[in-house]
1. Residue pairs, Cβ under 8 Å, 6 or more apart or interchain, first in the stretch C:620-646 and on the phi > 0 side of the Ramachandran plot, second surrounded by 14 or more Cβ atoms within 10 Å (Cβ to Cβ) and among the charged types (D, E, K, R). List them.
2. Do we find a residue being open to solvent by 60 Å² or more (accessible area, probe 1.4 Å) and either farther than 30 Å from B:Leu262 by Cβ or at the interface with another protein chain (Cβ under 10 Å from one of its Cβ atoms) (or both) anywhere in the stretch B:101-113?
3. State whether one or more residues within the stretch C:577-588 are closer than 16 Å to C:Leu22 by Cα and outside any strand (DSSP E or B).
4. Criterion first (of a type outside the set (Val, Ile, Thr), open to solvent by 10 Å² or more (accessible area, probe 1.4 Å) and within 23 Å of C:Ser484 (Cα to Cα)) does C:Leu329 satisfy it?
5. What's the total number of residues in the stretch A:181-203 that are buried (at least 17 other Cβ atoms within 10 Å of the Cβ) and either touching a Phe, Trp or Tyr at 6+ places or on another chain (Cβ under 8 Å) or among the small types (Gly, Ala, Ser) (or both)?
6. Is it the case that some residue within the stretch A:135-146 is hydroxyl-bearing (Ser, Thr, Tyr) and either open to solvent by 20 Å² or more (accessible area, probe 1.4 Å) or not in a helix (DSSP H, G or I) (or both)?
7. Scan the stretch C:199-246 for residues that are open to solvent by less than 10 Å² (accessible area, probe 1.4 Å), of a type in the set (Lys, Arg) and assigned to a helix (DSSP H, G or I) and jot them down.
8. For the stretch C:300-314, name all the residues that are farther than 19 Å from C:Thr216 by Cβ and aliphatic (A, V, I, L, M).
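The values are calculated or read from the model by the stated rules, or taken from the named source; none is laboratory data. Every value quoted in this text rests on a predicted model; they were computed, and no experiment measured them. As a convention, Cβ positions derive from the backbone with ideal geometry for all residues, glycine included, and neighbour counts pool all protein chains shown. The protein model used for the area step is the full one, side chains on, heavy atoms only, and it has no ligands, DNA or RNA in it. Shrake-Rupley method; radii C 1.70, N 1.55, O 1.52, S 1.80 Å.
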Amino acid sequence: MVETIVSAPADLPVGPVRRHGIGWWGVGTLIASEGALFAYLLFAYYYTGATAPAGWLLEPSPALKLALPNTVLLLLSSLAAWCGEQGILKRGRARALFGFGLAFVMGAVFVAVQGIEWRSKSFGIGTSSYSSLYFVTTGFHIAHVIVGLAVLLAIFGWTALDYFSPRRRLVVSAGVLYWHFVDAVWLFVFATYYLTPYLGFGR
Amino acid sequence: MSDWPLSYLTSAGPRAREVVPLTWYVLLVSIAVSLVISALLWRALRRTRPEDQSIEIRDVPIERGTSGVRWISIGLMVSAVPLAVAFVWTLLTLAAIAGPPAHPGLVLDVTGRQWWWQVEYAASQPSDVFATANEIHIPVGVQVLVRLHGADVIHSFWVPQLSGKTDAIPGQTNTSWIQADKPGRYLGQCTEFCGAQHAHMQFEVVAEPREDFDRWESLQRQPAAVPSTAEASRGLSLVEYRCGLCHRVRGTAAGAVSAPDLTHLMTRRTLAAGTLLNNPGNLAGWVQNPQNIKPGNLMPNQFLSAQQLSDALAYLETLK
Amino acid sequence: MMQPQVRTPTVGIDGVEHEARLHELWDTSPGWKGFLTTVDHKEIGIRYIITAFVFLALGGTEALLMRLQLAGPNLTLLTPEQYNQLFSTHGMTMIFLYASPILSGFSNYLWPLLLGSRDMAFPRLNALSYWIYLAAGLFLYAGFVTGNGPNDGWFNYVPYASRDFNPGLNEDFYALGMVFLGISTTVGAANFVVTAFRTRAPGMSINRLPILVWGTLTASVANLIVVPAVSLAFFLLWMDRQFGTHFFDTAGGGQPLLWQHLFWIFGHPWVYAIVLPAMGMVSDGLPVFCRRPLVGYSLVALSTVATMIFGFGVWVHHMFATGLPGLGLAFFSGASIAIVVPSAVAVFAWIATIRLGRPVITTAFLFFSSMILLFVIGGVSGFMTASVPVDLQLTDTYFVVAHLHYVLIGINVFPVVGATYFWFPKMTGRFLDEKLGRWNFWTMFIGFNLAFLPMHLTGLLGMPRRVYTYADYGGWGALNLITSIGSFVFAAGAMLLFFNVIKSLKSGAIAGKNPWDAPTLEWSVPSPPPAYNFAVIPTVASRHPLWENRIGGDGALSSLDRGMMLDHGKETIATSALDAEPDMVLEMPHDSFAPLILAVGLSALFVGLLLKMWMLTGIGGAIAAFAILLWLWPTTDLREREPAHG
């Protein structure tokens, strides 16, 4: 006798629980797509540099005195955002607000320092292919950081309104994931523009 | 010129000829595959009964049927063989047509420009270097190295009976090589979309016996003849003053390089990159109204008076 | 009020009150408000299909104008500039505004029905992807109708696309329009990926998915990864043109070939993205008319993915003449030859299915089976040009034009028309007229082959592409005339489809739930389906739920009449990725203005960029930001928030 199977699950969560929800997958696809964008930006750098004549690098030894501390700052901001998320997980609203707020401030400082660095460069966006790539790539990154700041601000505000509990907080986790992504992308951009010249690429 | 001047299946040089047997192979494999698949489809479809025009679909019962995976595995195995052969043959042919030649008998610098071909003949003596446009002469049986340059946008250099395509890209120098095994005129065409008059950007490769080529070459090296008639002299002044803004005629004050070199214009069979035959009527029409013939090209209409036009032509016709 | 955080879903059968409640929860509001705010995948899918067919007609008209100009040598019907804008707009329209959106439309409509779900995973994102598609299409055509259409081909090579050689707005319309359109493609792709992995019916394990789902899923994963390449390329072009950057111009150290790499890294996977879902339609539809399951389901599913993976590794075959080193040429030539293997799996599977089945001839069947031959012809001409030395002679000639039309029309258009005949009864409750359908088929089939088969010869005889006129070398004139005549016959055939649709909407024969006696879940619901698709969530036990009692063997049976009711709110079930075990009750959003507002904001943003009206861009950006905030604001309906302390 062939039986008909009827799915009758018990005790299913209703709506997203912790990180388990389709919103998590949604942010994942966004990150995949944006990550690919940066991969192509870096591809453009490597391809142009590899096929360019000598002297393509306008700064054979890129100045690290602003960029390196800025990188560390951004990494620490991820830590702050993580702390903020932990605050939500442990019902510590003050901790959460502190973490998100600190991450926001650190991110804002990152943007400001990047702006100072841009102005300190001896070349402009239209100087050469190297300079165009530099400004557009770091520019795309800063745009993503600014979106991330808006996300942190929203999460900060919604936390202040007591929207989240350890179970219902997928929005927070997704937003913090996005912030980590922006951070990770910077590591690749930083390595490409600031470190590979020292290794001899493009000289 | 052949009946199908742009078909490489009637090749005239080794670099094109090497590709023809491979072409026939892949073409015949392709036709065979298409016929086999058609036959299989036809046989499969024949299983429908003739009165199926109005059959009720539910009257034909569902059956699980046999797995049929064997069709796929056999199909793939059979397909793999001609594919592998094609790949190996491709590699061998690639090697045969590869360049650049180690010891070319002639070196040309060809620059693709909107919408004509600038051709410079390299030489060891700077005074022997000369430029022409749209018509390339080469000696028969000699490997000719062609260095391709892009002056504005991407063009592609293609003379099918002698060689496959190579792009002329600004910012880099690509190399191609051609060799003709018999004398003749071989048509070439730009094959990378380059703007309004991409359709009218042809060139000719004229392969001739060694003595004829040498004679042509030494003629091309000469500067323009001094005009002997009054009409032609007036024409010369006009050409220097007007045409010299873009064109060059060696031995005169017309010395610009953004348009074709006219020093030996009358030795060329066609005008405007293969668009017109080079005869007096066409030349007059072209000089006066190039926009009529090649709308959008970079030579403006001249608005010459009848006298000016006739003088200019009188001079141009001395540029043999 | 605390909402329950876990629940055991009630399992039962359909009833009058249950249905009434579901209608109340799921029906789109009536009138204009509903029209502008709907998130119902079926309404969105139909909009996509109608809009894509409109663009098909526009692109086809552009082609007919071109064929008039090329019907004989040295004709002067069109100026060079007009012709160049026509061929560029034709390519852009067909490839970006028809080929992908039509498949998105069918997939959008069908996926939840195929998967046993009540909607896509992100209904509002679905609405957004359509509105942006419409806005971007209008944006691009605004260029064309004002004489500023793209004029450098759909592939838009630099330096000709740069400001020096193309100073008008043409390229700016194209570049910004494409970046805009890319947003639609990306969010659409994200929706398909998450839906495929998370919102299927219980028991719809990964090896029971219809091949259409495999095809669209593969295309969507690919699109997520490659669309950024072309969006970036167009953005960098716009920067070079308007802000004096030097990505592509050699004077500033830029690289013209960078454009080609970025474009084709996108472009090649894209052409697989616009055929794999259509192949899936054939794989799902053909077996119905052969009265048996598809031969080699697993191989076909795997080959879909394998073809796309190979497809990432062949892009340089569009660049064989650019002066690349021999090793690179050899690799890409080999990969391009090898890709024939996975793409051939489906062909053999289809032929075997017909041969081992008992085919019933209907119009849908004619389109699904004839495409096999067209696929093969297109495939072998591709095989020919995969060989570098042959390609160096045939590229940029009409041989490639023949190839690309056989693959695009053969593997996208013909299946799409077949799909229209197949699924029209489900969408509308009426059949398309079969007699008219036969005329439709034969006119299209004969017209298409009359137009494009001779083109292989035209190319072998050396006629170059993208030329507005030609001289009459050895027979070009006669061949072109035949092609032109064929194209008009083909167009008449396409017109018959539109006519059939319009006629049948009013007077087609009534179709029930399962007019074709087909096996998959969409045929278990009424035609057309109610807004909520399934009154109770089905449980799936095989690939062919509606055929189980006839081919089931000793496996279990699917349950269609009895299942989870999920009527406490607007809900569907979320399931695990591989085995489709239920793991969450998914609350779905109601109709919303946010997607439309966001699309309007983005439109203003892009128009502002085009015209360099920065104030407009700013306003558009602000509207967009507001819409996003509105959209993402956590709500209790969707269980996105609850207070931390009770």
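1. Going by the 8 Å Cβ cut-off, the qualifying pairs are C:Arg639/A:Arg168; C:Arg639/C:Glu587.
2. Yes - at least one qualifying residue is present in the stretch B:101-113.
3. Yes: the stretch C:577-588 contains one or more residues that are closer than 16 Å to C:Leu22 by Cα and outside any strand (DSSP E or B).
4. No, not satisfied.
5. Number of matching residues: 5.
6. No; the residues of the stretch A:135-146 include none that is hydroxyl-bearing (Ser, Thr, Tyr) and either open to solvent by 20 Å² or more (accessible area, probe 1.4 Å) or not in a helix (DSSP H, G or I) (or both).
7. C:Arg241
8. Result: C:Val314, single match.
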